[in-house]
Amino acid sequence: ADARLAHRHLARLTVGERPWRAALHARRVLAHEPNDDEAWGLLGLSLSLLGHARAAVRAYERALALAPDNPYYAHNLGHLYDVALHEPGRGVPLLLRATTSLDDAEVASSLAHALGRVGRVSDAQRVLEGVRLRGGPPPPAPRRRGA
């Protein structure tokens, strides 16, 4: 148990500067605790920083399955779907979910980018305008059925 805590902490500390090392620490945690959502999230971030988008997506999907209310996992996974896998339609619902919990310009920008890529340009503009005016994104207008 102490070793898992140490590896999780080392993954957190090293992910920005040494993502390869952080991934190793996260995998050590997961070898003994496969349902550790934070270790899956750290592995996803590490793999993303290393440019392994598909593996990062799988790690974030696992993290989000274990902690479905975590807006950071939703944001990172949605952003990967949009930018790395070129599947913005899969990213939009996750990014919408993230923006309901996080009032953050970076998250709003990710949402606006994905909305623009699926053709919802006016919604994307509203999100960005909300960030500019209020410091937080307004929800996009509801979509009409068939639109």
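The values are calculated or read from the model by the stated rules, or taken from the named source; none is laboratory data. Here the structure is a predicted model, which is why all the values come from computation and not from measurement. Cβ placement follows ideal geometry from the backbone for every residue including glycine, while neighbour counts extend to all protein chains displayed. Please note that ligands, DNA and RNA were not included when accessible areas were found on the heavy atoms of the full protein model with its side chains. Shrake-Rupley method; radii C 1.70, N 1.55, O 1.52, S 1.80 Å.
Using a 1.4 Å probe and ignoring any ligands, DNA or RNA, find the accessible area of Leu66 and quote it in Å² to the nearest 10.
My reading of the accessible area for Leu66 is about 70 Å².
Taking DSSP loops as anything outside H, G, I, E and B, show the longest stretch in the chain free of trypsin sites (Lys or Arg not before Pro) there with at most 14 other beta carbons within 10 Å.
Formally, the longest exposed-site-free interval is 1-142.
Is any residue of the range 31-71 close enough, with backbone N under 18 Å, to a label point placed 7 angstrom from the Cα of Leu13 along the Cα-Cβ axis, and if so, which?
39, 42-43, 46
Using a simple spin-label model with points 7 Å from Cα along the Cα→Cβ vector, what separation in nm is obtained for Arg132 and Arg27?
4.6
Suppose the chain between Leu50 and Leu5 were pulled fully straight at 0.36 nm per residue; how much longer would it get relative to their current alpha carbon spacing?
13.9 nm
Between Ala105 and Asn35, what is the spin-label point distance in nm, taking each point 7 Å from the Cα along the Cα→C-beta axis?
Rounded to a tenth, the inter-label distance reads 4.1 nm.
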